[in-house]
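K.L.:
Sharing a structure below in C-alpha cells format, with a few things to ask.
The values are calculated or read from the model by the stated rules, or taken from the named source; none is laboratory data. Please read these numbers as outputs of a predicted model, since none were measured by experiment. No Cβ is skipped: glycine too gets one built from the backbone with ideal geometry, and neighbour counts run over all protein chains shown.
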Amino acid sequence: MKNGLLAFVALVTLVTLVTLALSAHVFAASSAALSQETLDDIAKHEKIAAAHTEAAKCLRDGKPDEVCEGALLAACKGVAIGKFCGMKH
C-alpha cells in the first residue's frame, strides 16, 4: 500500500512538472508574438502599478493623503490620466 501511494505521488508530481514546463513553453511562444503596442501597454500598466504600490506604502506610513497623492501624480506623469493615476483604454 505504501509503495503504491509513493508511486502515485511520484506520477502526480511528474505530470505536474511536465504541465508546468509545457505551460512555460506556450507562454514564452505567445509572448514573442506580442505587438509593440501591447508591449508598450504592459510597460504602462507596470509603471502605474508600481506608482500605486508606492502610494499605498506612503499612506501606510501615516503620511497625509495630499503628500501621497502628489507623489502618485508625479510618478504617473506622462503615462496615466486623472487625479488618481488611471489608464485610458
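K.L.:
Going by the structure shown, is Lys83 within 22 Å of the chain's Cα centre (by Cα), modelled with pLDDT under 90, assigned to a loop (DSSP other than H, G, I, E, B) and surrounded by fewer than 11 Cβ atoms within 10 Å (Cβ to Cβ)?
P.N.:
Criteria not met by Lys83.
K.L.:
OK, next. Do we have Leu34 as assigned to a helix (DSSP H, G or I) and of a type outside the set (Gly, Ala, Ser) here?
P.N.:
No.
K.L.:
Okay, next question. How many residues does segment 49-80 contain that are surrounded by fewer than 12 Cβ atoms within 10 Å (Cβ to Cβ) and either among the acidic types (Asp, Glu) or not in a helix (DSSP H, G or I) (or both)?
P.N.:
Within segment 49-80, residues that are surrounded by fewer than 12 Cβ atoms within 10 Å (Cβ to Cβ) and either among the acidic types (Asp, Glu) or not in a helix (DSSP H, G or I) (or both) number 7.
K.L.:
Give Ala50, Ala32, Ala71, Ala75 a once-over and let me know the one that is of a type in the set (Gly, Ala, Ser) and modelled with pLDDT under 90.
P.N.:
Just one listed residue meets the conditions, Ala32.
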